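What follows draws every value from the coordinates through simple rules; no lab data is involved. The structure presented is a predicted model; accordingly, all values stated were derived computationally and were not measured. Cβ coordinates were reconstructed from backbone atoms using ideal geometry, including for glycine residues, and neighbour counts include every protein chain displayed.
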Amino acid sequence: MIQVFGSFLDRFLVKESHENELADVNSNVEIFGHYVDQPLRDEHLTLGFSPSRIPMKRRWRNNGLSADFIADYLTTFFPLMEDDPMGKKRHAEIKNVVSYVANELLENAMKYCNLHAQYPITLHLQLENDLVRIFVDNSITPTNAEIFKAYVKNFIASDPMELYIQQLERNAEDDSCNASGLGFLTMVNDYNAKIGWKFRNVQGNSQIVAVTTMVEVVI
Ligand SMILES: Nc1ncnc2c1ncn2[C@@H]1O[C@H](COP(=O)(O)OP(=O)(O)OP(=O)(O)O)[C@@H](O)[C@H]1O
Ligand SMILES: [Mg+2]
């Protein structure tokens, strides 16, 4: 039984409930890499970005603000003692890694989402002991989903440092390209991140695919 009092709006749950309703239809979930899909027991935070409020392509400043916000928010769970240089150093490291990862994931979601799907982008943050997981969910066209899956399979099967060098060489040869292909590789090589991806059909139609990218870092 549900009881509601006052002026209660529960539209913010629309995305989740849509997906739950469709869970039966949606048997074709594909998971790659290190993806942790566990219930929310510990501290967590979700931010949603609606395509109808500001077009996704004009959200660049927002990405930085959101990434800095969640990085700052996380540091509150690691209180500082007075005159605590190690604590301050740790805060700075947490902020650095979390804002980098969140910003990269949001940029990817805004850059590569299916603009016709009118599907909101969500960022979800989980803190579990000294692990932080950042999940960013966006829509993608079925064609781009297949290209992305092929990219991900190769990424998982390769040595990240070798891939990084190959990508630098490719970038040096082709300066017309506006995506440097270094986002995920930097997370793994510089921040020891573990990354996983979950692809699934949503809204009961195979034309809208959603992808959640999950990045886990130890802080
Ligand atoms: N959220 C996403 N939705 C769809 N495709 C994605 C998503 N994130 C990444 N991709 C695909 O994976 C590729 C690699 O992403 P990555 O962030 O490592 O590099 P990039 O975005 O190409 O360049 P950079 O991040 O260095 O500017 C992208 O080029 C894109 O094809
Ligand atoms: Mg990127």
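Ranking of Leu182, Leu45 by neighbouring Cβ atoms within 10 Å, starting from the fewest: Leu45, Leu182.
Can you tell me the length gained on complete extension of the stretch Ile147 to Asn192, counting 0.36 nm per residue apart and subtracting the Cα distance?
Numbers: separation 45, 0.36 × 45 = 16.20 nm, distance 2.51 nm.
The Ile147-Asn192 span can extend by a further 13.7 nm.
Compared with the alpha-carbon gap, the fully stretched path from Asn129 to Asn171 is longer by 11.3 nm at 0.36 nm per residue.
What the Cβ-Cβ distance of His34 and Leu182 gives, at R0 = 22 Å and to the nearest 0.05, is a FRET efficiency of 0.65.
Size descriptors for the chain: radius of gyration and Dmax over Cα atoms are 18.6, 63 Å. Per-residue ellipticity at 222 nm from helix content only, as computed over the chain with -39500 (n - 2.57) for each DSSP H run of at least four residues, stands at -13500 deg cm²/dmol.
The calculated FRET efficiency for Leu115 paired with Tyr73, based on their beta-carbon distance and R0 = 30 Å, is about 0.55. Counted by neighbouring Cβ atoms within 10 Å, the residues Glu82, Glu93, Glu107 run from fewest to most as Glu82, Glu93, Glu107. Determine the relative contact order of the chain: mean sequence separation of Cα pairs under 8 Å and six or more apart, normalised by residue count, in whole percent. Once normalised by length, the contact order is 29 percent. Between Glu93 and Ser52, the C-beta separation translates, for a Förster distance of 35 Å, into a calculated FRET efficiency of about 0.40. Here the label points at Ser206 and Met86, each 7 Å from Cα along the C-beta direction, are separated by 5.7 nm in the simple model.
List Leu47, Leu185 from most exposed to least, where exposure is judged by having the fewest other Cβ atoms within 10 Å. Walk me through the numbers before you get to the answer.
On the way: Leu47 16, Leu185 21.
Taking fewest neighbouring Cβ atoms as first place, the list is Leu47, Leu185.
Here the 3J(HN,Hα) profile of segment 176-190, calculated from phi with Karplus coefficients 6.51, -1.76 and 1.60 at θ = phi - 60°, is 7, 7, 9, 10, 7, x, 10, x, 5, 5, 5, 4, 6, 6, 8 Hz, Gly and Pro shown as x. Taking Cα centre as origin and charging only the Cβ of basic (Lys, Arg, +1) and acidic (Asp, Glu, -1) residues, the dipole magnitude of the chain rounds to 660 debye.
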